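Sending over a structure as C-alpha cells; questions will come in a sec.
The values are calculated or read from the model by the stated rules, or taken from the named source; none is laboratory data. These figures come from a predicted structure and were not determined experimentally. Note: ideal-geometry Cβ built from the backbone for every residue, glycine included; neighbour counts use all protein chains shown.
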Amino acid sequence: MSRIASMAEYLRAQARRRLDRVETHDEGRNARSALALLDAAVYTESLGDDDPLVEVLVAAGCFGPHGFGEFQPGEQVARLIRSWESGEPWQLLMAVRFALHTSSV
C-alpha cells in the first residue's frame, strides 16, 4: 500500500468511527465530521507520493521509523483528525502539516 493510500485509509477509518458513534444531542456533529473526513480521504488519494506533505509526514515518523509502514500519526495529529468537523480537505492537511511543524520546533 502506498503512503497516500495508507493515509487515506486512516482517514476513512476515522470517518467510520465517527459514523458509529451514538451521542445524544450531537446535532449532527458526528455525521458532519465523518463527511469531512471522507472528503479529506478522497482528496488525499489525489495527491502523489512525491507531494511535499508526504515528506513532512515521513520526517515526523508517521509512516514508521523507516518511512514505509502504515500511517500512524502521533497523538497531536490523531487528536486533530479525530476532532475535525468541517472545512475543506486541504485545510485539514495543512492543519496536520502545521501541527507537525510546531511539534518539532
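Exactly one of (1) surrounded by 13 or more Cβ atoms within 10 Å (Cβ to Cβ); (2) over 13 Å from residue 86 (Cα atoms); (3) under 16 Å from the mean Cα position of the chain (by Cα) is unmet by residue 15. Its number?
Evaluating residue 15 over (1) surrounded by 13 or more Cβ atoms within 10 Å (Cβ to Cβ); (2) over 13 Å from residue 86 (Cα atoms); (3) under 16 Å from the mean Cα position of the chain (by Cα) leaves (2) as the failure.
Only residues in segment 1-22 that are touching a residue at least 60 places away in the same chain (Cβ under 8 Å) and assigned to a helix (DSSP H, G or I) count as the first member; pair them with residues that are of a type in the set (Val, Ile, Thr) and surrounded by 15 or more Cβ atoms within 10 Å (Cβ to Cβ), Cβ under 8 angstrom, at least 6 apart or cross-chain, and list the lot.
3/54; 3/58; 7/44; 10/81; 11/44; 11/81; 14/81
Also, I was wondering about something else. Residue check: is residue 37 outside any helix (DSSP H, G or I) and at pLDDT 90 or above? Before you say what the answer is, go through the steps one by one.
Details: outside any helix (DSSP H, G or I): no; at pLDDT 90 or above: yes.
Here the answer is no, as residue 37 does not meet what is asked.
Still on this structure, I have one more. Tell me which of these residue 24 doesn't satisfy, since it passes every other one: (1) surrounded by fewer than 18 Cβ atoms within 10 Å (Cβ to Cβ); (2) β-branched (Val, Ile, Thr); (3) within 11 Å of the chain's Cα centre (by Cα).
So the condition that residue 24 fails would be (3).
Same structure, new question: Quickly run through segment 79-95 and pick out the residues that are surrounded by 15 or more Cβ atoms within 10 Å (Cβ to Cβ) and not charged (D, E, K, R).
Within segment 79-95, 80, 81, 84, 89, 92, 93, 95 meet the criteria.
Exactly one of (1) touching a helix residue (DSSP H, G or I) at 6+ places or on another chain (Cβ under 9 Å); (2) modelled with pLDDT under 90 is unmet by residue 26. Its number?
Going through the list (1) touching a helix residue (DSSP H, G or I) at 6+ places or on another chain (Cβ under 9 Å); (2) modelled with pLDDT under 90, residue 26 breaks only (1).
Restricting attention to segment 23-58, which residues are without any contact (Cβ under 8 Å) to a residue 24 or more places away in the chain and either within 20 Å of residue 90 (Cβ to Cβ) or in contact with a Cys (Cβ under 9 Å, 6 or more places away or on another chain) (or both)? Steps first, please.
Step one: filter segment 23-58 for residues without any contact (Cβ under 8 Å) to a residue 24 or more places away in the chain, giving 23-28, 30-31, 34-35, 46, 50, 52, 55.
Passing the criteria: 34, 35, 46, 50, 52, 55.
Determine if segment 47-68 includes at least one residue that is farther than 19 Å from residue 1 by Cβ, surrounded by 14 or more Cβ atoms within 10 Å (Cβ to Cβ), touching a Phe, Trp or Tyr at 6+ places or on another chain (Cβ under 8 Å) and modelled with pLDDT of 90 or more.
No, there is no match, as no residue in segment 47-68 is farther than 19 Å from residue 1 by Cβ, surrounded by 14 or more Cβ atoms within 10 Å (Cβ to Cβ), touching a Phe, Trp or Tyr at 6+ places or on another chain (Cβ under 8 Å) and modelled with pLDDT of 90 or more.
When residues of segment 57-81 are filtered for being part of a loop (DSSP other than H, G, I, E, B) and not polar (S, T, N, Q), how many remain? Quick ask: steps written out before the conclusion?
Restricting attention to segment 57-81, the residues satisfying the condition of being part of a loop (DSSP other than H, G, I, E, B) are 60-61, 63, 65-74.
Going one step further and asking which of them are not polar (S, T, N, Q), we end up with 60-61, 63, 65-71, 73-74.
Matching residues across segment 57-81 total 12.
Related question: One residue is enough: does segment 84-104 have a residue meeting the conditions under 15 Å from residue 4 (Cβ atoms) and basic (Lys, Arg)?
If we filter segment 84-104 for residues that are under 15 Å from residue 4 (Cβ atoms), which is where we start, we get 89-90, 92-93, 96-97.
Now narrow it down to the ones that are basic (Lys, Arg): 97.
Checked against the condition, which is being under 15 Å from residue 4 (Cβ atoms) and basic (Lys, Arg), segment 84-104 yields at least one hit.
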